[in-house]
Structure formats: structure tokens, C-alpha cells
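Since every read-out is calculated from the coordinates, none of them should be taken as a lab result. What you see is a predicted model; the values in this text were computed from it and never measured. Counting neighbours? That spans all protein chains shown, and the Cβs are built from the backbone with ideal geometry, glycine included.
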Amino acid sequence: MHRDDFPMLRQDIIYLDNGATSLKPQCVIDKMTDYYENYSANAHRGDYDISYKVDLEYENTRDLVKDFIGAKRKEEIVFTSGTTDSLNLIVNGFFSGLLEAGDEIILTKTEHASNVMPWFRVAGETGAIIKYIPLDDNNFVTLDNLKKVVTPKTKVISLAEITNVVGDIRPIKEITKFAHERDIFVVVDGAQSVPHIKTNVSDTDVDFLAFSAHKMCGPTGVGVLYAKYELMQNIEPMNLGGGMNESFDAPDKMVLKEVPTRFEAGTPNISGVIGLGEAIKYLNKVGMDKISAYEKNLRSYLIEKLVSIPHIDILNIEADSGIVAFNVDGLFSEDVAYYLNKYGICVRAGSHCAKLTKDVLGVANSIRVSLYFYNTESEIDSLVELLKDKDKIMKEMF
Amino acid sequence: MDKELAREVILENFQHPVNKSEVMGSDYQKVNTRNPNCIDNIDLYIKFNNDKIEDIHFLGEACAISTASTSVMIKNLIGKTIKEAKEYINNFYAMCDEEEYDDTLLKEGLAFQDIYKQSNRKHCATLPYKGILKALEEYENK
């Protein structure tokens, strides 16, 4: 769908690495160029027309994000540099002051590095304990399995709504309901879900949500932290400086601005934020429900073809997202990616930044195809055709 | 080396590498070698005997080029003195960097003589050499 909107697709490539980053539509590129060409001033501090326009556009994105994820108020939206930045801000700015020795942090072994490493560090600093939800036969998270690890010491559950290798869609609403009945916080890594399925934080009731613009047709270097308004007051800003203070006279006399401005010190990524706003408008036009339905069909089409190839081992046959991880029997994933690259096919090989996942999948590395709404059945046909012939792969992989 | 033969050498050493097993024992020195921009990850286990390399094993996950290059390196370095080993290693690097080298020394190592044409695979071919140089340095500084 909508292939003509993407300048990158004029090239002779088949782009199947949308889990890493998505392509950008012309309207997003134009919107950012427009800022640089026509009103390239700073935000929140100019008393002149073009700076005022910057404020309007910048804050308009906050409104767009609010509606896009179903937040209750725009003050719940903080602009960050990406999911990693958002998760680090929550862990270091909120949980590090709250966790005590013996408290439990619940994760899964299929999380991305940015939803593991900040927790590892805070656990080391506070004496909190990391626990993992046991996964079912498909390596999915179930509420029943979560119940097995929650104890009165559990303070927070942090997990991706969609994981970037297994690609399962987690039952976030049920998990959050169960957690909140026990006063447990829920943090959601939405990097792989917000671009692909409809998100509604008021419905799921999660406490924190992190995601990136660049995986949802927006620019790199911008992300969002959503936090419930009442919790936001208790997040300690990690960066102090311009734009986020009311006044500072002495070490004990620093007055910060209200949320969310106090979390956005320094000149923000203005063009990026404006680009994110345009990306959201674009995705709304395409339709999030349409996007997820389309990707689900496309995934089934790919799986159906891959299962018939005897030398392909699919690691996540059942998942509902557009992510398919597999290996070619006896070959190293990077060699296969290198071979596909010779035919203009872009896939990711490796551990995909989810290095604990090897404990559950039994393999450290794999080839990952991650789909988006502009991918087509004919692109999948080309991929499958190249994967069918193992002798050809062996002959051309180096 | 003829291109077809080179391909066969690489494929054979990838599919059936020599000494691909972990070795325990205090007489083996273990070094890890990896590249920052790819997922190759190899442990080398080296046994020195005075100024000689007596044995090398390896274990890890790596691409066809890295694995084959490690296997070929092991075959060529076992039994060499440290001085001879360094000469081999220098010649291998020179070949990969398109500099002058002594092709009579490299044996199966010549299978990688065209690697300079694929600059993104050069680091695969030289990965085990990075590891062995680290081990030699550690051994000599003991």
C-alpha cells in the first residue's frame, strides 16, 4: 500500500528491515525541509513571528501524539531522543529513587537491550532483584505465567508490547489490570508496537510508554515518553539547563518549569519533533487498523511460503506482528543477509540487540524480516525464491 | 590462487573447520576476538611451548569467511615459532591490505587474496589474526 509516497522505494531495493527503522514518506521529508527553509528559529524563546510558528508546530505535535496514543492530556507527552532515552529517563528518573533492596523488577528474556540494561544497573545500585516471566511454548508472555513470578515485593513490570525478535503481541491491558490491583507499575516499550498497532494508553492504563519516531515513518533522533500525569510529577529530570527552569539563584534555589517542559532541557530536536507530527498525520490517514490487518496478512503469506522450504528454520511461526525470524540450516545469518543484499534485499542478521533471547530461542543469531504496510506479496515472492535454493546461497554468500 | 579453488578452500574450511572445540587447561591461553560492526565472536585457545605455538583451538559463532580464515590460520600456525608466526601474520595482513607480500608463505591463506575487493568482509578474514596478535602480546609480556 502507498508505495508511491516513499522516495526510497524508487530505488531497486526490497526493504524488509522495518524493525530497525522505517522508510520516510515525502510529506515528512517536506515538512522538515519546510522548517529549515522557512522558519528555522528556536522554540519557546523568540518574540518574533517565525519563532512563534516554531512553538505552534512543536506543540501541535504534542497534541497529535496525545491523540495518537489516547493519552488524557498533552502534558503527559515528553519528547526525548528515542525509546532508549525514554526508558533510561523512566528508570533513572523515577524508579531509581523508588526501588529498595529486595524489591523486584519483572522483565522477560526477549526484551531489547534498552529495556534490560537500565534495569540491570538500577538493580545493581539499589539491591533490587530482576526476575523474568517464564515464556510459553511459543515464547509468548501469558498472564498466567506472569502470576507465577509476581510477589508482594514486585514493584514494576517492564516489557515490550511487541518484541523485536519473537514478535508476539503481549496482553498489556490484562497485565496492567493485574499489576495495578497489586500496586505494581507497568512500563511498556512501544518501539515495535506503536508504529504497527493501534495504541490507547487510557484503555490499557499503562503507567509509562516509550517509543521512537523513526520506526513509524518519522525522523531519527526523536522519541516519546508517555507518563501518567500524576506520576510525571515524581520523575526527576536527568538533564538540567536552558528551557526547563523558572529560575536559579543558588544550589538550593533552583525552580523548575512545569511538566513536561522540565524534561526537555536545551534546544530540542525541533525539525524532528515537527517531522514526527507529520508522520502521525500520515499514519492516521493510512489508518492504523488497516496497517495491522495488512501486515498480519502479509506475514501469513510469508510464513506459508517459508514453512515449505525444508532448510529454513522459523523461530516464531505463531506471532501476530510483522516480524519473522529464521535461520538457514547450517549457515550463519550474516552470510545469508550478505547473499540477499546482492539482490537488493535488506534484512537484519544477528541478535537484534536482544541478547538474552538466545536463552529462550536456543540460537544467538538469526535473520529477521520485519514488514511494514508498504511491503508487498511480490517482494516476498522474490525473497522466498532466493531462499529456496540452498546451493545457490552457499555459492554466493561470500 | 584460482578463484574456484579459493571458493572451495573457504567453503571446506567453513563447513569442516579444524580444531573447533573448547580446550580447558591452564596450559592454554584463551583470547576472545570480535568485530564491533558485525556479530562474529570467536574464542581462541592457544598453547605455547617456549617460543613455539604448539596448539590452537577455537570456538564461537562467525560467518563463513571468519570461520574459514580461523581454520586456515590454525593449520598454518601450529608448530611455528613465534617469529615465524609473526611473519605469516604480517604477510596475511599485507595481502588483505593490497601491499606486497610473500605468497610462498601463505598456503591456503591465499584463498583470501581477493578479500580486499570487498572492504566490508576484510575484517572477517582478519578477525582470527586480531585475536592471535593479542595472545602473542599477552604471552610475550608475561
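Once the C-beta distance of A:Ser247 and A:Ser96 is scaled by a Förster radius of 30 Å, the resulting FRET efficiency is 0.70 to the nearest 0.05. Each of A:Phe208, A:Phe95 has some number of other Cβ atoms within 10 Å of its Cβ, and from fewest to most they run A:Phe95, A:Phe208. As a proxy for reagent exposure, ranking A:Met238, B:Met24 by other Cβ atoms within 10 Å from fewest up yields B:Met24, A:Met238. Below 10 angstrom from the Cβ of A:Tyr132, what's the summed charge of the other residues (Lys, Arg +1; Asp, Glu -1)? Around A:Tyr132, the charge tally is 0. Checked against a 23 Å cut-off, the cross-linked pairs B:Lys3/B:Lys80; A:Lys72/A:Lys281; A:Lys74/A:Lys155; A:Lys177/A:Lys296 give Cα-Cα distances beyond that limit for B:Lys3/B:Lys80; A:Lys74/A:Lys155; A:Lys177/A:Lys296. Of all DSSP-defined beta bridges confined to chain A, some 55% are antiparallel rather than parallel.
Other residues with beta-carbon under 11 Å from the beta-carbon of B:Tyr116 carry, at +1 per Lys or Arg and -1 per Asp or Glu, a net charge of -1.
With a Förster radius of 22 Å applied to the beta-carbon distance between B:Thr104 and B:Glu54, the computed FRET efficiency rounds to 0.35. Its relative contact order, with pairs defined as Cα atoms under 8 Å and 6+ residues apart, puts segment A:240-336 at 16 percent. Inter-chain neighbour count for A:321-334: the average number of beta-carbon atoms from partner chains within 10 Å of each residue's beta-carbon is 2. Among the DSSP helices (H) of chain B, those spanning at least 15 angstrom by Cα along their long axis with an average Kyte-Doolittle hydropathy of 0.0 or more are B:64-77; this is a geometric and hydropathy rule only. Taking Cα atoms of chain A, Rg/Rh with Kirkwood Rh, to two decimals? Ratio of gyration radius to Kirkwood radius: 0.99. The GluC sites (Glu not before Pro) of segment A:150-234 meeting both criteria, a DSSP state outside H, G, I, E and B (loop) and at most 13 other C-beta atoms within 10 angstrom of the site's C-beta, are A:Glu181. With R₀ fixed at 45 Å, the C-beta to C-beta distance from A:Glu385 to B:Glu84 puts the FRET efficiency at about 0.40.
Within chain A, helices built from complete DSSP H runs that reach 20 Å or longer along their own axis (Cα positions) and carry a mean Kyte-Doolittle hydropathy of 0.0 or higher are A:270-286. Measuring from label point to label point, each 7 Å out along Cα→Cβ, what is the A:Asn239 to B:Asp27 span in nm? Distance between the two pseudo-spin positions: 5.8 nm.
Couplings for segment A:363-369, taken from phi via the Karplus curve 6.51 cos²θ - 1.76 cosθ + 1.60 with θ = phi - 60°, read 10, 7, 10, 7, 9, 10, 9 Hz in order; Gly and Pro are left as x. For segment A:352-361, putting each phi into the Karplus relation 6.51 cos²θ - 1.76 cosθ + 1.60 with θ = phi - 60° gives couplings of 6, 6, 10, 6, 7, 4, 4, 5, 9, 7 Hz, in residue order, rounded to whole numbers and with x for Gly and Pro.
Mean separation of Cα pairs under 8 Å and 6 or more residues apart, divided by the residue count, gives segment B:3-140 a relative contact order of 27 percent.
Neighbours of A:Gly241 by Cβ distance under 12 Å: Lys/Arg scored +1, Asp/Glu scored -1, total +1. Computed on chain A, with alpha-carbon pairs under 8 angstrom and 6+ residues apart, the relative contact order is 22 percent. Cβ crowding within 10 Å ranks B:Cys96, A:Cys346, A:Cys353, B:Cys63 as A:Cys346, A:Cys353, B:Cys96, B:Cys63, fewest other Cβ atoms first.
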